Amino acid sequence: MYYIYNPDNCKFFPSCPVYVLTGFKCTGCGSRRAIHYLLNGNIVKALSENALIIIAIPYIIFSFFLEHKHILSSRLLKIRYILYGRTAILIILSIIVIFTILRNIFKTF
């Protein structure tokens, strides 16, 4: 669906309630447009819409891989602990907060 329809031109994609109510972009603002541009091969435009979601896609895909792999080797268990453990979650939360603040200060990403 995101490959065919551009969220900028289609009214059936809902607007971000945070942006509508406050005028501030949330962490996810632009992610639908970014995915549309990424699926259509326009990486630069995708990064300009929401760089964080584009950078996070490999991380998310790898988490699905680890979640659905039935038997994890000790090496994969260690990787999962490092990338998805408590410390990683706090780092990711910090990145999300900093990204949201910066994108509203500079209004460019």
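For the reader, a short list of remarks on this structure follows.
- Around the Cα centre of the chain, unit charges on the Cβ atoms of Lys, Arg, Asp and Glu (plus for the first two, minus for the last two) sum to a dipole of about 180 debye.
- Dividing the summed -39500 (n - 2.57) terms of all DSSP H runs of n ≥ 4 by the residue count of the chain sets its mean residue ellipticity at 222 nm at -22000 deg cm²/dmol.
- Here the spin labels are modelled as points 7 Å beyond Cα on the Cα-Cβ line, and at Ser73 and Ile95 they lie 2.5 nm apart.
- In terms of its C-alpha gyration tensor, the range 1-43 comes out oblate, because a/c is 1.5 or above while a/b does not outweigh b/c.
- Using a probe of 1.4 Å on the protein chains alone, the accessible area found for Lys78 is around 140 Å².
- Between Ile53, Ile96, Ile71, the Gaussian network model of the chain with springs among Cα atoms under 10 angstrom shows the greatest mean-square fluctuation at Ile71.
- Carbon plus sulfur fraction of accessible area for the chain, probe 1.4 Å, in percent: 70 percent
- A simple spin-label model places pseudo-atoms 7 Å from Cα toward Cβ; at Leu102 and Lys45 they are separated by 2.5 nm.
- Taken about its Cα centre, the range 34-87 carries a charge dipole of about 300 debye when Lys and Arg each add +1 at the Cβ and Asp and Glu each add -1 at the Cβ.
- For the range 31-46, 3J(HN,Hα) computed residue by residue from phi via the Karplus equation (6.51, -1.76, 1.60; θ = phi - 60°) reads 5, 5, 5, 4, 5, 4, 5, 5, 5, 9, x, 9, 5, 4, 5, 4 Hz, glycine and proline entered as x.
The values are calculated or read from the model by the stated rules, or taken from the named source; none is laboratory data. Not measured: the values here are computed from a predicted model. With ideal geometry, Cβ positions are generated from the backbone for all residues, glycine too; neighbour counts draw on all protein chains shown. Heads up: the accessible areas ignore ligands, DNA and RNA and are worked out on the full protein's heavy atoms, side chains in. Shrake-Rupley method; radii C 1.70, N 1.55, O 1.52, S 1.80 Å.
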